[in-house]
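Reviewing the structure listed below.
The values are calculated or read from the model by the stated rules, or taken from the named source; none is laboratory data. Just so you know, these numbers come straight off a predicted model, no measurement behind them. All Cβ positions, glycine included, derive from the backbone under ideal geometry; neighbour counts span all protein chains shown.
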Ligand SMILES: Nc1ncnc2c1ncn2[C@@H]1O[C@H](COP(=O)(O)OP(=O)(O)OP(=O)(O)O)[C@@H](O)[C@H]1O
Ligand SMILES: [Mg+2]
């Protein structure tokens, strides 16, 4: 499966009829077995890009093609982990994770089994019968991730999914996601502000410019999984990306 973003631009209506350009001329191709991360200054259009890729927001110009077919609305083939997609407060944790499987018509014993397995993998065993409000923010985020992964989507879009987690949990979620990525080989488009996370997870890191976001840098991370965070090469990539972000930040400050 492939998701292609073709010449995407987006303008939001702004105050006083002056439009806010958020993205300009984005071309991107996501394929199964490719892990791509987008990094860039705050407000440069990363979330906008993911929403357009998901069919949740319409671009002002350009097209989004899933296996060659234009999409203009969300599809179950694309799994989303966005911070604003809260859990269902009236469903317990197990039932939250089962949601997508239920929609697919999978019978209760089977979907329960799969949901329990995901609970275990995300370190949430024992919380099956809790409700979202009874969990910490980081735990809720893990449930949201498990809920998305339950249906094995071939394309996964993730907007800062680990942002609310402490660094230990964050590292174990990164490892969990990589294991899933390597076992199931979906196409992943991931957004983070964390350079270490970007290098650790991805094969490609795209650097967006200040707003309106354009793809200004394309880092190909040529390290084999599992990556060694303390290696010299790992740190070389970190430094290159940091320098890119610093340049972008300064060019905003100089405007
Ligand atoms: N619904 C909206 N209506 C109007 N303007 C919007 C809307 N959503 C985003 N914008 C504007 O588009 C630009 C890009 O926003 P976006 O949320 O995509 O940035 P981002 O790169 O995800 O930022 P951050 O790193 O802070 O999450 C910003 O200038 C923002 O003000
Ligand atoms: Mg954002």
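When only residues in the range 34-50 that are closer than 20 Å to residue 246 by Cα and surrounded by 22 or more Cβ atoms within 10 Å (Cβ to Cβ) count, which is farthest from ligand 1 (Cβ to nearest atom)? Restricting to residues being closer than 20 Å to residue 246 by Cα and surrounded by 22 or more Cβ atoms within 10 Å (Cβ to Cβ), the top hit is 37.
Suppose we keep only residues that are surrounded by fewer than 18 Cβ atoms within 10 Å (Cβ to Cβ) and either closer than 20 Å to residue 185 by Cα or modelled with pLDDT under 95 (or both) within the range 202-225. Which one would you say is farthest from ligand 1 (Cβ to nearest atom)? If we take residues in the range 202-225 being surrounded by fewer than 18 Cβ atoms within 10 Å (Cβ to Cβ) and either closer than 20 Å to residue 185 by Cα or modelled with pLDDT under 95 (or both), then 224 is farthest from ligand 1 (Cβ to nearest atom). Considering the range 157-171, and only residues there that are outside any loop (DSSP other than H, G, I, E, B) and either modelled with pLDDT under 90 or touching a helix residue (DSSP H, G or I) at 6+ places or on another chain (Cβ under 7 Å) (or both), the residue that is nearest to ligand 1 (Cβ to nearest atom) turns out to be 159. For the range 43-134, the helices (runs of 4 or more DSSP H) that sit wholly inside it and include 2 or more residues that are under 14 Å from residue 148 (Cβ atoms) are 93-103, 108-121. The residues of the range 1-40 that are within 27 Å of residue 177 (Cβ to Cβ) and modelled with pLDDT under 95, listed by number, are 1, 2. Looking at (1) over 30 Å from residue 250 (Cα atoms); (2) modelled with pLDDT of 95 or more; (3) in contact with a helix residue (DSSP H, G or I) (Cβ under 6 Å, 6 or more places away or on another chain); (4) surrounded by 15 or more Cβ atoms within 10 Å (Cβ to Cβ), which is the one condition that is false for residue 106? Of the numbered conditions (1) over 30 Å from residue 250 (Cα atoms); (2) modelled with pLDDT of 95 or more; (3) in contact with a helix residue (DSSP H, G or I) (Cβ under 6 Å, 6 or more places away or on another chain); (4) surrounded by 15 or more Cβ atoms within 10 Å (Cβ to Cβ), the odd one out for residue 106 is (3).
For the range 178-216, residues that are part of a loop (DSSP other than H, G, I, E, B) and farther than 16 Å from residue 32 by Cβ total 8. Of all residues in the range 162-175, those that are in the same structural domain as residue 229 (by TED's automatic domain parsing) have Cβ atoms under 6 Å from Cβ atoms of residues that are buried (at least 16 other Cβ atoms within 10 Å of the Cβ) and in a loop (DSSP other than H, G, I, E, B), 6 or more apart or on another chain, in 170/162; 173/162. Residues in the range 15-59 that are more than 16 Å from ligand 2 (Cβ to nearest atom), under 23 Å from residue 84 (Cα atoms) and without any contact (Cβ under 8 Å) to a residue 60 or more places away in the chain: 55, 58, 59.
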